[in-house]
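First up is the structure itself, then whatever we jot down about it.
The values are calculated or read from the model by the stated rules, or taken from the named source; none is laboratory data. Note that the structure is a prediction, hence the values are computed from the model and not measured. Here the Cβ positions follow ideal geometry from the backbone for every residue, glycine too, while neighbour counts run over all protein chains shown. Surface accessibility is based on the protein's heavy atoms, side chains included, excluding ligands, DNA and RNA. Shrake-Rupley method; radii C 1.70, N 1.55, O 1.52, S 1.80 Å.
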Amino acid sequence: MTIPFTLKTFCLALVGAAALGLQPALAASADDLGKSLTPLGAERAGNADGSIPAWDGGFTQVDPAFKEGGKRSDPFAADKPLFSITAKNLDQYADKLSDGVKAMFKRYPETYRIDVYPTRRTAAAPQWVYDNTLKNARNARLVDSSAGPVPEGAYGGIPFPVPKSGAEAMWNHLLNWRGTSVAMDFRHYLMTADGAQVLTTDGKAVQEMPYYYPDGSAASFEGDYWLFRLLNVGPPLRAGEQIMGRTNLNGDKSQAHVYLTGQRRVRKLPNACCDTPTPATAGVMSFDELSVFQGRMDRFDWKLVGKQELYIPYNTNKVQAAARPEDVFAKHHLNPDYVRWELHRVWVVEADLAPGKRHQLPKGRYYLDEDTWQALLGDRWDANGQLAKTLWSLPAVMPDLPAVAQLSSGFYDLVSGAWFIQNLYAGKNQQYAVVDRYKPAEFSPAAMAGRGVR
């Protein structure tokens with residue numbers, strides 16, 4: 001059954017937007033894509049005062065010195081901050097900051113800082129992704145499934161570039177363009193409340209998005225949209241461990257397997273979703289906190305609140321270009337010297353626990369960049385209404401794809417003071433390398449067993 005976007009839903013969205021001081025997005029349709037809207041559905045024009053420029057096609061200029069699989073440089077290294085936001089001038093910019101960011105200023109008033117740079121709308125994608133996005137705008141719809149609302153008739157592009165509901169917007173995030181086949185080396189770190197740095201994963205991973213096979217179609221697509229396999233080479237306690245996931249549009253059909261060296265066998269994970277801790281992060285993050293939000297949609301009711309101009313991390317190539325991972329760490333948060341923030345328009349989506357469901361953090365708010373549809377910030381509240389976690393992602397511009405893609409992401413625990421970063425490529429030689437399509441067997445339990453440590 002198709003999930004309708006009713007007048008009642010629209011009115012509720014207006015009420016929510018007013019409560020947050022936001023404005024609903026301008027009325028648009030599929031016919032506006034590539035005209036007043038970008039090919040992926042963002043407003044092409046800049047804002048009134050020019051602090052957000054018009055989109056002019058994105059950044060597609062590849063560094064002549066770049067070799068695929070190597071380190072990507074920071075194309076905007078010469079840029080200087082326009083200004084910095086600190087605890088002292090926080091009130092001046094509060095209307096353009098998320099609740100989680102404001103909470104970090106209050107918790108760490110002496111050290112937390114945001115350096116705001118000129119806004120560069122670098123998002124880009126291949127023409128075939130734009131073409132598919134236009135098809136999706138005319139053909140895709142949300143339908144009910146056993147795992148909540150899922151897209152039908154969408155393929156190879158943003159499924160709902162002109163969204164009419166929170167669920168549609170979140171599927172845009174889940175199916176955002178980030179390349180098709182990728183190989184990468186990275187590390188995960190947990191930072192304790194007293195500032196200790198704990199390496200939880202030193203990994204080699206492969207990733208593929210069958211949803212973005214250029215020669216596929218909506219008719220032939222079988223639903224597995226994100227394939228991932230990770231081999232831990234460190235720390236020594238975890239060396240040899242593996243995890244593999246096959247994420248399906250219908251979460252009931254998603255699968256995850258692990259290989260533990262002590263057991264010497266591949267085992268299927270029974271509940272690889274939602275607030276279950278994920279082995280890929282040594283149990284520090286839950287499955288639905290990966291890349292700010294990941295996985296099935298049925299635990300929450302999703303409300304599209306409206307659009308907002310917000311300071312968000314953007315074009316953060318400097319983080320990945322750091323010589324050592326330790327350079328990007330401060331005691332209680334990321335080193336402000338390395339994180340670039342810009343003013344962008346974002347879609348605001350609220351998540352409230354659905355009737356009959358359970359979750360450790362029953363309320364959330366997500367901020368989706370209008371140009372890429374990636375959730376770059378997110379806040380989560382506990383059952384007592386306390387803001388418990390703020391999540392973030394650090395997108396980098398990759399003109400060789402072309403794309404602006406989420407690389408590192410993580411969270412600040414506003415209750416315990418601990419924080420976590422996953423997929424940190426700094427100091428690694430192979431950073432998000434675009435590769436040829438993998439064989440289907442690469443993402444199978446048999447492949448894990450064949451590479452297992454005996």
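Provide the net charge surrounding Ala321, with neighbours chosen by a C-beta distance below 12 Å and charges set as Lys +1, Arg +1, Asp -1, Glu -1. Every neighbour counted, the sum reads +3.
Each residue, Lys268 and Gln92, gets one label point 7 Å from its Cα in the Cβ direction; the gap between the two is 5.8 nm. May I ask you to list the lysines whose Cα is less than 24 Å away from that of Lys102, ignoring any residue fewer than eight positions away on the same chain? Within reach: Lys80, Lys88, Lys303, Lys307, Lys318, Lys331, Lys363, Lys389. The residues Lys268, Lys357, sorted by heavy-atom accessible surface at 1.4 Å with ligands and nucleic acids left out, run Lys268, Lys357 from largest to smallest. Comparing Cα centroids, segment 241-263 and segment 104-118 end up 37 angstrom apart.
Within the shell of other residues whose beta carbon sits under 13 angstrom from the beta carbon of Arg178, the net charge comes to -3, with Lys and Arg scored +1 and Asp and Glu -1. Using a probe of 1.4 Å, the accessible surface attributed to Phe287 totals some 30 Å² when neighbouring protein chains are kept in position.
Between Lys331 and Asp144, the contour length at 0.36 nm per residue exceeds the alpha carbon distance by 62.8 nm. Measuring with a 1.4 angstrom probe and ignoring ligands and nucleic acids, Arg141 comes out at about 100 Å² accessible.
Using only alpha carbon pairs under 8 Å that are at least six residues apart, calculate the relative contact order of the chain and give it in whole percent. Across the chain, relative contact order equals 20 percent. Electrostatic bookkeeping for Leu387 treats Lys and Arg as +1 and Asp and Glu as -1; over the other residues with beta carbon under 13 Å from its beta carbon, the sum is +3. Residues of the chain were split at every exposed loop site, defined as GluC sites (Glu not before Pro) in a DSSP loop with at most 13 other C-beta atoms within 10 angstrom, and the longest piece left, sites excluded, is 223-454.
Structural descriptor for segment 146-276: relative contact order 18 percent, calculated from alpha carbon pairs under 8 angstrom and at least 6 residues apart.
State log₁₀ I(q)/I(0) for the chain at q = 0.07, 0.08, 0.10, 0.11 Å⁻¹ as given by the Debye formula over alpha-carbon point scatterers of equal weight, solvent excluded. For the chain at q = 0.07, 0.08, 0.10, 0.11 Å⁻¹, log10 I(q)/I(0) is -0.32, -0.42, -0.68, -0.84.
Helix-only estimate, please: 222 nm mean residue ellipticity of the chain, summing -39500 (n - 2.57) across DSSP H runs of length 4 or more and dividing by its residues, to the nearest 500. Calculated from helices alone, the mean residue ellipticity at 222 nm is -3500 deg cm²/dmol.
Taking all protein chains together and rolling a 1.4 Å probe, Lys318 ends up with roughly 80 Å² accessible.
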